[in-house]
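What follows is a short report on a single structure.
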């Protein structure tokens, strides 16, 4: 919900989903991710945003597409990046998402 590109694409699953406070907070988090990654570019830290997808949790509800284990894949991937892994990106599973 924080991808500007997906919100602007009429073929995207989130096109027209105008949950303004939620979308704005996610977009702000993504910009903060880019800024923090730049500030720490000479350090050993990796700073990335992750989108787990629509997960069957108390927040996601029973109609969500993904089980909790599937939703965790993105967090596990980002938490276990090696020293040569990406920084300053937005990911779902192991794939970058357009800003």
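The values are calculated or read from the model by the stated rules, or taken from the named source; none is laboratory data. Computed from a predicted model, the values in this text were never measured in an experiment. Note that we place each Cβ from the backbone using ideal geometry, even for glycine, and neighbour counts take in every protein chain shown.
Is there a residue being assigned to a loop (DSSP other than H, G, I, E, B), touching a residue at least 40 places away in the same chain (Cβ under 8 Å) and on the phi > 0 side of the Ramachandran plot anywhere in region 56-70? No, region 56-70 contains no residue that is assigned to a loop (DSSP other than H, G, I, E, B), touching a residue at least 40 places away in the same chain (Cβ under 8 Å) and on the phi > 0 side of the Ramachandran plot.
All of 55, 68, 76 fail the test of being surrounded by fewer than 14 Cβ atoms within 10 Å (Cβ to Cβ) and either in contact with a helix residue (DSSP H, G or I) (Cβ under 6 Å, 6 or more places away or on another chain) or under 18 Å from residue 96 (Cα atoms) (or both), apart from 76. Do the conditions hold for residue 46, that is, is it surrounded by fewer than 12 Cβ atoms within 10 Å (Cβ to Cβ), within 30 Å of residue 84 (Cα to Cα), over 11 Å from the mean Cα position of the chain (by Cα) and in contact (Cβ under 8 Å) with a residue 12 or more places away in the chain? Taking the combined requirement at face value, the residue does not satisfy it.
The residue that is modelled with the lowest pLDDT, among those in region 23-52 that are over 17 Å from residue 99 (Cβ atoms) and either in contact with a helix residue (DSSP H, G or I) (Cβ under 6 Å, 6 or more places away or on another chain) or not in a loop (DSSP other than H, G, I, E, B) (or both), is 52. Six or more apart or on different chains, Cβ atoms under 9 Å: show the pairs whose first residue is in region 26-40 and exposed (fewer than 12 other Cβ atoms within 10 Å of the Cβ) and whose second is at pLDDT below 95. Taking only residues 6 or more apart or on different chains, the pairs are 28/2.
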